[in-house]
1. In contact (Cβ under 8 Å) with a residue 12 or more places away in the chain, open to solvent by less than 60 Å² (accessible area, probe 1.4 Å) and in a strand (DSSP E or B): does that describe A:Ile159?
2. Looking at the range B:106-114, can you tell me whether even one residue there is among the charged types (D, E, K, R) and part of a strand (DSSP E or B)?
3. Considering the range B:48-102 alone, what residues qualify as being among the charged types (D, E, K, R), more than 13 Å from chain A (Cβ to nearest Cβ) and closer than 25 Å to B:Pro32 by Cβ?
4. Which of the following residues is farther than 18 Å from B:Ser133 by Cβ, within 17 Å of the chain's Cα centre (by Cα) and touching a residue at least 60 places away in the same chain (Cβ under 8 Å): A:Ile118, A:Ile43, A:Ile56?
5. Given the conditions (1) open to solvent by less than 30 Å² (accessible area, probe 1.4 Å); (2) touching a strand residue (DSSP E or B) at 6+ places or on another chain (Cβ under 7 Å); (3) outside any helix (DSSP H, G or I); (4) within 14 Å of chain B (Cβ to nearest Cβ), which single one is not true for A:Ser88?
6. Please specify each residue of the range A:56-74 satisfying the condition of being in a strand (DSSP E or B), open to solvent by 30 Å² or more (accessible area, probe 1.4 Å) and touching a Lys or Arg at 6+ places or on another chain (Cβ under 9 Å).
7. Say whether the condition of being open to solvent by less than 80 Å² (accessible area, probe 1.4 Å), assigned by TED's automatic domain parsing to the domain that holds B:Asp116, aromatic (Phe, Trp, Tyr) and not in a helix (DSSP H, G or I) is met by at least one residue in the range B:38-48.
8. So B:Ile136 clears everything in (1) within 22 Å of A:Ile62 (Cα to Cα); (2) more than 10 Å from chain A (Cβ to nearest Cβ); (3) not small (Gly, Ala, Ser) except one condition, right? Which one?
Amino acid sequence: MKNTIKILSLAILTLLAGELLAQKYITKNGKIDFYSDAPTEKIEAFNNQVNCALDIGTGNFIFKVLMKSFQFEKALMQEHFNENYVESHKFPNATFVGKVSNASAIDFTKNGTYDAQIQGDLTIHGVTQTISEKGSFEVKDGAIHGKSTFYVAVADYDIKIPQTVITNIAKEIQINVDILLEPLNK
Amino acid sequence: MKKWIKVLLVLAIIGLAGATYMYVFVYNKSHPDYANLKPDFETNAEALFVAFKNNPHDAASTYNGKIIRLSGKLNKVEKNEDQTIAYFILDEGMFGNEGVRISLLPEEANKLVPSDTGKSISIKGFCTGYNDSDVILEHGSLDY
């Protein structure tokens, strides 16, 4: 009898673990680029090695971004970005920890395009701000393609721009997120 | 020619030379030639991964922003429209596999294909840090 209970418990745990894994979608090749459109200069940078995980059961959503992985057209801009602005030696990661707040309205198992509302804590340069942004998910053949464009104010993250280059860097930076999530156990 | 005109001309030439220098060699200076940079550290993927996993802060101080040459048996080659990634898999975590991921320079991208999995390689890249799952190296190039 005891053995039967043990076997049944093990079977249930295995099934539950499988179910939980099936609910998690990830990528390690997420793309984030940002764009600064200032009066005297346009600056663009991209990062193609962004980690992201989405639990479609709970809507929990997490991003991990290495600041030194952002690539700029000009080496000098990349240097200034890392050394003077985001101080990537002190704050190597940016993170977002939040939720798809309307996850219950999205059928992540059915092909289609869905509007998404994302809420959570965005940490850049060691400063955390709660943000609420719009995005979309396109579910296609078992993969989830997420996209969002939003703006962050550099001052909100205690990023100081010297007076001499104040016209070279926008006060608000456009962030574009593009992720293709696949089931974790694939 | 009057002396003050000569002085003005010399100053203008110096100013122009300075501005040209700043524009070409400072503002527009090129990115490092990563493939030909000498490595700051030579180790293996497991030692690098363990260093970050055990003490992320100290490892970041040591390795971030440095050129690292790694040797070892390749566990996976990932290819997508943007990049080729060489992957040394060393653990499992919330993002699935964990280890050291090296994105190759565009001119190196065709030097690895998925069937190279299991091959022993020596690879060099610029360490950008640890994202609590993988140690990331960018601008990778293969050494033979």
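1. Taking the combined requirement at face value, the residue does not satisfy it.
2. Let us first name the residues in the range B:106-114 that are among the charged types (D, E, K, R), namely B:107-108, B:111.
Still in the running and part of a strand (DSSP E or B): none.
Checked the range B:106-114: no residue is among the charged types (D, E, K, R) and part of a strand (DSSP E or B).
3. B:Arg69
4. A:Ile56
5. Failed condition: (2).
6. A:Asn60
7. Taking every residue of the range B:38-48 in turn, at least one turns out to be open to solvent by less than 80 Å² (accessible area, probe 1.4 Å), assigned by TED's automatic domain parsing to the domain that holds B:Asp116, aromatic (Phe, Trp, Tyr) and not in a helix (DSSP H, G or I).
8. Every listed condition holds for B:Ile136 apart from (2).
The values are calculated or read from the model by the stated rules, or taken from the named source; none is laboratory data. Because the structure is predicted, anything quoted here is derived from the model rather than measured. All Cβ positions, even for glycine, are placed from backbone atoms using ideal geometry, and neighbour counts span all protein chains on display. The protein model used for the area step is the full one, side chains on, heavy atoms only, and it has no ligands, DNA or RNA in it. Shrake-Rupley method; radii C 1.70, N 1.55, O 1.52, S 1.80 Å.
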